[in-house]
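Worksheet: the structure to be examined is printed underneath.
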Amino acid sequence: MSVPHPAEQGMRSTLIGIGVNIFLAIGKMLAGIFGHSYALIADAIESGLDVLSSILVYFGLKVSTLPADENHPQGHGKAEPLAAVVVAIFLFVAAFGIAYESIERIRTPHRMPAPWTLIVLLGVVAIKEALVRFSLKVGEETGSNAVKADALHQRSDTITSISAFVGITVALVGSRLHPDPRWPSADDWAALMASLVIFHNGIGVLRGALFELTDAHPDPALEAEVRRVALTVEGVENLHKCFIRKMGFDYYVEIDVRVDGELSVFHGHEIAHEVQDAVRAQITDKRFARVLVHIEPALPKE
């Protein structure tokens with residue numbers, strides 16, 4: 001029985017997110033237009049960008065599952081972090097767009113948001129946060145930066161909804177306590193503050209994706225675990241270098257293993273295979289596409 005590729009789980013969660021976000025984008029846009037709330041309209045734009053970014057993530061995950069070919073002998077795993085980079089770009093676009101429009105509306109008098117838009121926002125926050133937690137769980141289980149990035153993009157939508165709720169509440173309560181034509185702009189100030197949070201999330205998403213694309217060393221705890229497992233193999237005296245890089249859902253390991261210099265080439269070759277098998281057998285929460293073991297003679301004891 002073949003084990004399904006983790007990208008398949010990520011693609012399923014992404015499709016669910018696309019469906020939910022289409023529903024939310026339409027609902028928030030209508031509520032924003034008829035309820036005179038730009039924060040809600042900005043929120044709807046964010047949901048629309050969520051749909052587009054999720055579609056790109058879906059295709060990025062799909063490409064990452066393609067087998068190795070002549071031009072990509074190590075597979076197409078880099079398509080997955082590339083999709084995360086695109087998500088980060090979408091976050092930056094959303095942040096700048098919402099900030100620009102918010103500033104324009106702060107400078108222009110407009111109508112007070114309708115009180116019933118608060119009910120819409122409460123429902124949006126509940127639905128969106130449930131979707132975010134589901135997507136983050138899938139991202140953690142599969143080790144997908146693209147799925148986790150998409151979840152953070154969706155969380156930015158939750159942030160804009162919460163900001164909109166606060167802004168509309170301030171506008172409505174403030175106008176009751178002290179009538180002033182400037183109170184409606186509280187809604188726009190909320191959207192402006194939300195844009196800063198979205199921009200910050202974009203930086204985090206971009207940083208993680210670029211680390212993987214540039215083959216940055218992953219979690220030091222993984223290297224420590226690989227070293228620990230390698231030292232359990234009989235015949236391994238000590239270790240030298242250990243390099244690990246992540247490509248999509250898979251990890252590539254290069255490790256220098258020191259053995260008795262008097263061993264035959266055949267025996268050293270056997271130890272190398274035992275190290276490879278041990279790493280794959282004992283570290284089951286990671287997918288190892290390759291474990292390259294370089295045999296070196298142990299340094300003479302002083």
Original post:
Can you tell me which residue in the stretch 172-204 is modelled with the highest pLDDT, limited to those that are aromatic (Phe, Trp, Tyr) and under 33 Å from the mean Cα position of the chain (by Cα)?
Top reply: Phe199
**OP:** Would you please list the contacts, defined by Cβ atoms under 9 Å and residues six or more apart or on different chains, that run from a residue in the stretch 18-40 that is in contact (Cβ under 8 Å) with a residue 60 or more places away in the chain and on the phi > 0 side of the Ramachandran plot to a residue that is of a type outside the set (S, T, N, Q) and assigned to a helix (DSSP H, G or I)?
**Re:** His36/Pro184; His36/Asp187
Original post:
Just a yes or no: is a residue in the stretch 264-271 in contact with a Gly (Cβ under 6 Å, 6 or more places away or on another chain) and over 25 Å from Glu140 (Cα atoms)?
Top reply: yes
Original post:
Can you tell me which of Phe199, Phe165, Phe211 is among the hydrophobic types (A, V, I, L, M, F, W, C) and surrounded by fewer than 17 Cβ atoms within 10 Å (Cβ to Cβ)?
Top reply: Phe211
**OP:** Would you mention how many residues in the stretch 103-131 are buried (at least 20 other Cβ atoms within 10 Å of the Cβ) and hydrophobic (A, V, I, L, M, F, W, C)?
**Re:** 4
**OP:** Considering only residues that are of a type in the set (Gly, Ala, Ser) and at pLDDT 90 or above, look in the stretch 269-302 and name the one that is nearest to Glu237 (Cα to Cα).
**Re:** Ala272
**OP:** Output yes when any residue across the stretch 92-105 is touching a Phe, Trp or Tyr at 6+ places or on another chain (Cβ under 8 Å) and under 21 Å from Val138 (Cβ atoms), and no when none is.
**Re:** no
Original post:
Any chance the stretch 70-77 includes a residue that's in contact (Cβ under 8 Å) with a residue 60 or more places away in the chain and on the phi > 0 side of the Ramachandran plot?
Top reply: yes
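The values are calculated or read from the model by the stated rules, or taken from the named source; none is laboratory data. Owing to the predicted nature of the structure, the values given are computational and were not obtained by experimental measurement. Positions of Cβ are generated from backbone atoms using ideal geometry, with glycine treated the same way; all protein chains shown enter the neighbour counts.
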